[in-house]
1. Select from region 333-355 the residues that are among the polar types (S, T, N, Q) and surrounded by fewer than 13 Cβ atoms within 10 Å (Cβ to Cβ) and write down the one among them that is farthest from the chain's Cα centre (by Cα).
2. Answer with yes or no whether residue 436 is over 17 Å from the mean Cα position of the chain (by Cα), modelled with pLDDT of 90 or more and of a type in the set (Lys, Arg).
3. Please indicate, with yes or no, whether at least one residue in region 153-172 is within 23 Å of residue 131 (Cα to Cα), modelled with pLDDT of 95 or more and touching a Cys at 6+ places or on another chain (Cβ under 8 Å).
4. Among strands (runs of 3 or more DSSP E) lying entirely in region 175-247, which contain 2 or more residues that are within 12 Å of residue 162 (Cα to Cα)?
5. For region 49-134, give me every one of the helices (runs of 4 or more DSSP H) that falls completely inside it and has 3 or more residues that are at pLDDT 95 or above and aromatic (Phe, Trp, Tyr).
6. Here are the criteria: (1) modelled with pLDDT of 90 or more; (2) under 22 Å from residue 28 (Cα atoms). Tell me which single one residue 398 does not satisfy.
7. Can you pull out the residues in region 10-46 that are surrounded by 10 or more Cβ atoms within 10 Å (Cβ to Cβ) and modelled with pLDDT under 85?
8. Can residue 120 be described as under 19 Å from residue 242 (Cα atoms), hydrophobic (A, V, I, L, M, F, W, C) and over 19 Å from the mean Cα position of the chain (by Cα)?
Amino acid sequence: MKLTQRVMVINRDRRSGRLLIRADDPSLTPYAGLAICGELARNLRLVELTDAELQAAGRVAPVKQRRRGLSPGELVVSIAEAQLVGAACFDDIEVLRADDALAPWRAVAQAPSAPTARQLACRFRAGHIHAIERAAARCGNELDRSLGRDPAEAVTFDLDATETVIYGRRKRGAGRSRQGHLAYNSYVVSWAERGRALTSELKGGNQARIKATLSLRMLARAERLLPEGHGQITVRGDNGFYSAELMMGLRKRRMRFTLSATRTSVMWQKLAEIEEEAWVDALDMRGAQVAELAFTPEGWKHDPLRLIVRRVPVTAEELRRGNPKARRRKTIPPEQLQMVLDGQLDSTYAYSFIVTDIPAQEKTTIEVEHLHRQRAQIEERFKDAKLGHALRHLPSRDPNANRLWLCCTLLALNICAWVCDISPAARASGAAPDQRTPLRRHAKTLRHLLFCVPARIVRTARQTIMRLPTGFPHLETFNATYHAALALPGP
């Protein structure tokens, strides 16, 4: 008891005293890592190329008539910079605007005010969004040339969509999803080998499936953004995009494809044709097996395609513990599912169907299935765009402003990919040296390592010094990434 009282007295005597809180140090910045993005953007000419592409955009009126203030390209890049450090709405841009200490080293020195950004965002049309995509792709291709990457290597496009639920007042262009949420759907084509988003479209939540013609237009637009002399393109998509019209369009454009097929009665009939000895173990998926059949979908006018089936064992206990509306139950033949639920079977298989035109001479059954399974990379991009950037929220009632917000989110996602490209220390650990697609650090991690690091900007003896906190554990990563951006060949 006496010891406790003594400790309390000592702690009381060692109080540091009352704090006086001020915000009057002009040399402090909370976003030191934006200096890295600034060097990267300047050497890749991101702002200049964006302005040039926006000026050359046809069939749309200019975003701004007067030249005073920020240019449209500076507005776009500034919004992306704000999203890199955590902005979730237009009002959050004011936090970046208040950071005067680092302004000369950011990609855009003077961030716009929130009302200006909100007002100008409503003027961007689809043609402007396509121009921004072209500028970002040109920067990415320039970075690839600087890194010595082979432009002729094969390309994989991932086509997918993600839902953004909105709350409060109704927003134009939004719709009710199948789950009853008021939402938007963001459709994106990403370049899997680079981890970059190439093109996007914003639709209402009630458009869970888009027409094959729109998918083909997005893919054709993405192809035009690739470097000259690129290799064979392979398109991956889930069953929401499966249709003979899309496959015919891809064949016409000489794009190969692997698409998840809808589980229809036709697919269950094809499953019954597979002999038990035809099943072989899948790559890197415990318990999974694959088999292959020839298949001609209705409306397909060429040689038969390859139908690859994957099965994964499921126990009766797993099914009973799961939700009755779980997606897993739809992957089991209806008669087998009922037998498991009735207790007649202890286990069964869940099946997935993949339709592809990749020749068997190039990839075996297990290789095609493994390639298609890597389509989950785009889910990681969506997860990063929502949890790490700003796609979890579309902040405006105007669909044009929301479309620009989506485009800036994907630009911020691409900047993170560029940062990981120039800094091996910023990549996730565990990636093999010869791995074709490097693992990426998520945006929140990059924010912790680089972007949202406080620093003091000191000018002395004709030098500018950035002083990070004492004991900052990622100093080497920060320093190596900055100098890698600085070493890129400038304009």
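1. 344
2. no
3. No, every residue in region 153-172 fails to be within 23 Å of residue 131 (Cα to Cα), modelled with pLDDT of 95 or more and touching a Cys at 6+ places or on another chain (Cβ under 8 Å).
4. 182-191, 196-204
5. none
6. (2)
7. none
8. no
The values are calculated or read from the model by the stated rules, or taken from the named source; none is laboratory data. Here the structure is a predicted model, which means the values were calculated and not measured. All Cβ positions, even for glycine, are placed from backbone atoms using ideal geometry, and neighbour counts span all protein chains on display.
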